[in-house]
Amino acid sequence: MTFQPEAVRAFEHAGWQRAAARYNDTFAHATAPFVAPLLDAAGVSADKRVLDVACGPGHVAAAAVARGAVAQGLDFSAAMADLARTIYPDIIVAEGDAEDMPHAEGAFDAVVSNFGIHHVPRPEAALAECRRVLAPSGRVAFTVWATPAHNIAWALVFDAIARHGNRAAADAPSPGGSLNQPEDCLRLLEAAGLVDRSAEIVRAQWPLPNAHALVAALSAGTVRMAALIAAQEPSALPAIIADIERQAERFRRDDHLAIPVAAVLARGRRAAQSNATVGCKSG
């Protein structure tokens, strides 16, 4: 499938506009365990100026504020930006494009993104913008979902659909690139001109009552996985969910499932002195 960046942008935008209403009560629980490691990787502490890119409901920005930082949010979905402003009215949240940020060069000491960079059409352009808005020696850190081999919540669904449904059913445009391996993220950081680069797998657990809740959360709070689930024949869904339930039983902890999830946590730094400026912008 030919890469069409505007088709990707339209698909992702429509998906996040739809997901905003239920995201906070569903999929936000899967991403929450990675907030603290993300902020640690970016060196977020008191008085740091922080930008949360693809901020969604604003939880990362709020966690930065709780550390004493001065944080802002940015999201291209008006519905998500409105949700963040509603939950955290004291945090400035702008509606804007991660590939063309409405911020001055060097405006932040840290730029973070919790599972946002892989949703933009051109991740390399977004990382170049992250570098541009960083002050010299400022840090960027982002998370992306790891491969299903590490990320069991995804593997359970993909495998069940492969056995009882159709993995190719979703009519979704090809993404701008695969970023679910540490080496993928390292290449992206290098292309953006960032130094002190590193990327590692970080693991957590997603507590869920049952397989129905897993499918419901992915359907309500994601875009590409939601499209895949929605594309399955309704008659196949009971078998898909039953398959997930059987396979997930090994992760049962008393009255709930503790599904392993994993992310690639990547970080880099803008050099103290730079010979070139990526994408100059004065405001």
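So the values come out like this:
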read-out	value
Residue in segment 222-230 that is surrounded by 16 or more Cβ atoms within 10 Å (Cβ to Cβ) and over 21 Å from the mean Cα position of the chain (by Cα) present	no
Whichever residue in segment 77-107 is buried (at least 16 other Cβ atoms within 10 Å of the Cβ) and either among the hydroxyl-bearing types (Ser, Thr, Tyr) or in contact with a His (Cβ under 6 Å, 6 or more places away or on another chain) (or both) and, among such residues, is nearest to GLU129 (Cα to Cα)	SER77
ASP40 in contact with a strand residue (DSSP E or B) (Cβ under 9 Å, 6 or more places away or on another chain), under 15 Å from VAL140 (Cα atoms), without any contact (Cβ under 8 Å) to a residue 40 or more places away in the chain and surrounded by fewer than 22 Cβ atoms within 10 Å (Cβ to Cβ)	yes
Residues of segment 157-180 that turn out to be over 13 Å from GLU233 (Cβ atoms) and in contact with an Asp or Glu (Cβ under 7 Å, 6 or more places away or on another chain), as a count	3
Test: residue in segment 201-216 that is under 21 Å from the mean Cα position of the chain (by Cα), crowded, with 21+ Cβ neighbours inside 10 Å and within 24 Å of VAL8 (Cβ to Cβ)	no
Per-region count, segment 58-75, residues surrounded by fewer than 24 Cβ atoms within 10 Å (Cβ to Cβ) and within 13 Å of the chain's Cα centre (by Cα)	1
Residue that is within 29 Å of ARG270 (Cα to Cα) and in a strand (DSSP E or B), where the choices are ASP90, ASP109	ASP109
Candidates ALA262, ALA272, ALA266 - the one that is hydrophobic (A, V, I, L, M, F, W, C) and at pLDDT below 95	ALA272
Residue check for GLY73: in contact with a Cys (Cβ under 6 Å, 6 or more places away or on another chain), of a type in the set (Gly, Ala, Ser) and within 28 Å of GLN4 (Cα to Cα)	yes
Any hit, segment 139-146, residues being of a type in the set (Phe, Trp, Tyr), modelled with pLDDT of 95 or more, in a strand (DSSP E or B) and closer than 23 Å to GLY15 by Cβ	yes
Yes/no for ALA149 being in a helix (DSSP H, G or I) and of a type in the set (Gly, Ala, Ser)	no
Those helices (runs of 4 or more DSSP H) lying entirely in segment 158-252 with at least 1 residues touching a residue at least 12 places away in the same chain (Cβ under 8 Å) and closer than 24 Å to GLN17 by Cα	211-221, 224-230
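One line per residue, one yes/no per condition, for (1) at pLDDT 95 or above; (2) hydroxyl-bearing (Ser, Thr, Tyr); (3) over 19 Å from GLY221 (Cα atoms):
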site	(1), (2), (3)
PRO37	yes, no, yes
CYS55	yes, no, no
HIS59	yes, no, no
VAL65	yes, no, yes
ALA78	yes, no, no
LEU83	yes, no, no
THR86	yes, yes, no
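Per-residue answers, yes or no, for (1) touching a residue at least 12 places away in the same chain (Cβ under 8 Å); (2) outside any loop (DSSP other than H, G, I, E, B); (3) touching a strand residue (DSSP E or B) at 6+ places or on another chain (Cβ under 9 Å):
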residue	(1), (2), (3)
ALA7	yes, yes, no
HIS13	yes, yes, no
GLN17	yes, yes, no
ALA21	yes, yes, no
VAL35	yes, yes, yes
ASP47	yes, no, yes
GLY56	yes, no, yes
VAL60	yes, yes, yes
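The values are calculated or read from the model by the stated rules, or taken from the named source; none is laboratory data. A quick note: this is a predicted structure, and the numbers were derived from the prediction, not measured. Cβ sites come from the backbone with ideal geometry, for glycine too, and all protein chains shown count toward neighbours.
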